[in-house]
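Asks: Take this structure, written in C-alpha coordinates, and hold onto it; I'll ask about it next.
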Amino acid sequence: MRIGELAVATGASARSLRYYEEQGLISSQRSASGQRHYPPAAVERVRLVRSLLAAGLSSTTINDVLPCIADESIRTPALEARLREELARIDGQIRDLRRTRDTLAAVIADYRV
(Lines give C-alpha, C1' and ligand atoms only; values in the text may rest on other atoms or scores of the structure.)
Protein backbone atom coordinates (compact mmCIF):
# COMPACT_ATOMS: atom_id res chain seq x y z
CA MET A 1 0.00 0.00 0.00
CA ARG A 2 1.13 3.54 -0.67
CA ILE A 3 1.73 6.16 2.00
CA GLY A 4 -1.67 7.81 1.54
CA GLU A 5 -3.43 4.48 1.97
CA LEU A 6 -1.44 3.73 5.12
CA ALA A 7 -2.27 7.18 6.45
CA VAL A 8 -6.00 6.58 5.93
CA ALA A 9 -5.82 3.07 7.43
CA THR A 10 -4.03 4.25 10.58
CA GLY A 11 -5.10 7.85 11.08
CA ALA A 12 -1.46 8.94 10.96
CA SER A 13 -0.44 11.77 8.66
CA ALA A 14 1.86 11.09 5.74
CA ARG A 15 4.35 13.39 7.43
CA SER A 16 4.25 11.24 10.58
CA LEU A 17 4.74 8.10 8.54
CA ARG A 18 7.80 9.59 6.86
CA TYR A 19 9.13 10.51 10.33
CA TYR A 20 8.50 6.97 11.63
CA GLU A 21 10.39 5.61 8.66
CA GLU A 22 13.26 8.07 9.18
CA GLN A 23 13.48 6.89 12.80
CA GLY A 24 13.54 3.22 11.74
CA LEU A 25 10.14 2.44 13.28
CA ILE A 26 8.59 1.31 9.99
CA SER A 27 10.04 0.48 6.61
CA SER A 28 8.92 0.57 3.01
CA GLN A 29 10.04 -0.54 -0.39
CA ARG A 30 10.49 2.07 -3.11
CA SER A 31 8.97 1.71 -6.55
CA ALA A 32 10.94 2.59 -9.67
CA SER A 33 9.36 6.06 -9.50
CA GLY A 34 10.41 6.47 -5.85
CA GLN A 35 6.99 5.95 -4.25
CA ARG A 36 6.91 4.27 -0.86
CA HIS A 37 5.07 0.95 -0.66
CA TYR A 38 4.27 -0.58 2.74
CA PRO A 39 3.35 -4.18 3.54
CA PRO A 40 -0.09 -4.90 5.06
CA ALA A 41 1.58 -5.53 8.46
CA ALA A 42 2.57 -1.85 8.55
CA VAL A 43 -0.96 -0.94 9.65
CA GLU A 44 -0.62 -2.73 13.00
CA ARG A 45 2.97 -1.55 13.37
CA VAL A 46 1.94 2.10 12.94
CA ARG A 47 -0.92 1.67 15.41
CA LEU A 48 1.51 0.24 17.95
CA VAL A 49 4.03 3.03 17.35
CA ARG A 50 1.32 5.66 17.77
CA SER A 51 0.08 4.14 21.02
CA LEU A 52 3.61 3.96 22.43
CA LEU A 53 4.28 7.56 21.41
CA ALA A 54 0.98 8.64 22.98
CA ALA A 55 2.08 6.95 26.20
CA GLY A 56 5.16 9.14 26.21
CA LEU A 57 7.84 6.74 24.98
CA SER A 58 10.51 8.34 22.85
CA SER A 59 11.09 7.15 19.30
CA THR A 60 14.51 5.90 20.44
CA THR A 61 12.92 3.73 23.15
CA ILE A 62 10.27 2.50 20.73
CA ASN A 63 12.97 1.60 18.24
CA ASP A 64 14.66 -0.48 20.93
CA VAL A 65 11.41 -2.17 21.99
CA LEU A 66 9.88 -3.07 18.63
CA PRO A 67 12.35 -5.83 17.71
CA CYS A 68 11.78 -7.46 21.11
CA ILE A 69 8.07 -7.76 20.44
CA ALA A 70 8.73 -9.98 17.43
CA ASP A 71 11.81 -11.82 18.72
CA GLU A 72 12.04 -12.70 22.41
CA SER A 73 15.62 -13.95 21.99
CA ILE A 74 16.99 -10.40 21.73
CA ARG A 75 15.58 -9.20 25.05
CA THR A 76 18.26 -8.04 27.48
CA PRO A 77 18.31 -7.20 31.21
CA ALA A 78 19.16 -3.59 30.35
CA LEU A 79 16.12 -3.32 28.11
CA GLU A 80 13.96 -4.91 30.79
CA ALA A 81 15.12 -2.30 33.30
CA ARG A 82 14.41 0.49 30.83
CA LEU A 83 10.93 -0.86 30.14
CA ARG A 84 10.21 -1.19 33.86
CA GLU A 85 11.11 2.50 34.24
CA GLU A 86 8.75 3.40 31.40
CA LEU A 87 6.01 1.27 32.94
CA ALA A 88 6.44 2.99 36.31
CA ARG A 89 6.29 6.38 34.61
CA ILE A 90 3.09 5.44 32.77
CA ASP A 91 1.57 4.08 36.00
CA GLY A 92 2.32 7.45 37.59
CA GLN A 93 0.61 9.24 34.72
CA ILE A 94 -2.44 7.02 35.14
CA ARG A 95 -2.59 7.84 38.87
CA ASP A 96 -2.32 11.55 38.10
CA LEU A 97 -5.02 11.33 35.44
CA ARG A 98 -7.35 9.47 37.82
CA ARG A 99 -6.88 12.20 40.46
CA THR A 100 -7.60 14.88 37.89
CA ARG A 101 -10.63 12.96 36.66
CA ASP A 102 -11.96 12.59 40.19
CA THR A 103 -11.51 16.32 40.81
CA LEU A 104 -13.37 17.20 37.61
CA ALA A 105 -16.12 14.70 38.38
CA ALA A 106 -16.58 16.27 41.81
CA VAL A 107 -16.84 19.75 40.31
CA ILE A 108 -19.38 18.53 37.76
CA ALA A 109 -21.38 16.81 40.52
CA ASP A 110 -21.62 20.18 42.30
CA TYR A 111 -23.49 21.57 39.29
CA ARG A 112 -26.28 19.08 39.87
CA VAL A 113 -27.04 20.36 43.33
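Asks: Please verify whether S73 is free of Cβ contacts under 8 Å to residues at least 12 places away in the same chain, under 26 Å from S13 (Cα atoms) and not basic (K, R), treating the condition exactly as stated.
Replies: Considered against the rule, which asks whether it is free of Cβ contacts under 8 Å to residues at least 12 places away in the same chain, under 26 Å from S13 (Cα atoms) and not basic (K, R), S73 comes out as no.
Asks: Okay, moving on. Name the helices (runs of 4 or more DSSP H) wholly inside the range 2-113 in which the number of residues that are touching a Leu at 6+ places or on another chain (Cβ under 8 Å) is 3 or more.
Replies: The qualifying helices (runs of 4 or more DSSP H) are 3-10, 42-54, 59-70.
Asks: Within the range 23-44, does at least one residue satisfy the condition of being hydrophobic (A, V, I, L, M, F, W, C), surrounded by 13 or more Cβ atoms within 10 Å (Cβ to Cβ), in contact with a helix residue (DSSP H, G or I) (Cβ under 8 Å, 6 or more places away or on another chain) and free of Cβ contacts under 8 Å to residues at least 12 places away in the same chain?
Replies: no
Listed here are the residues, each with its yes/no results for (1) acidic (D, E); (2) under 10 Å from the mean Cα position of the chain (by Cα).
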| position | (1), (2) |
| --- | --- |
| E5 | yes, no |
| A14 | no, no |
| R18 | no, no |
| G24 | no, no |
| A42 | no, no |
| L48 | no, yes |
| S59 | no, yes |
| P67 | no, no |
| I74 | no, no |
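Asks: Continuing with this model, one more query. Name the one entry in I74, I62, I94 that is touching a Pro at 6+ places or on another chain (Cβ under 7 Å) and farther than 20 Å from M1 by Cβ.
Replies: The conditions single out I74.
Condition check ((1) in contact with a Gly (Cβ under 9 Å, 6 or more places away or on another chain); (2) within 26 Å of S16 (Cβ to Cβ); (3) surrounded by fewer than 10 Cβ atoms within 10 Å (Cβ to Cβ); (4) in the same structural domain as E21 (by TED's automatic domain parsing)) across all residues:
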{"position": "L52", "(1), (2), (3), (4)": "no, yes, no, yes"}
{"position": "C68", "(1), (2), (3), (4)": "no, yes, no, no"}
{"position": "E86", "(1), (2), (3), (4)": "yes, yes, no, no"}
{"position": "I90", "(1), (2), (3), (4)": "yes, yes, no, no"}
{"position": "T100", "(1), (2), (3), (4)": "no, no, no, no"}
{"position": "T103", "(1), (2), (3), (4)": "no, no, no, no"}
{"position": "A106", "(1), (2), (3), (4)": "no, no, yes, no"}
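The values are calculated or read from the model by the stated rules, or taken from the named source; none is laboratory data. Nothing here was measured: the structure is a model prediction, and the numbers come from that model. Reconstructed Cβ throughout: ideal geometry from the backbone, glycine too, with neighbour counts over all protein chains shown.
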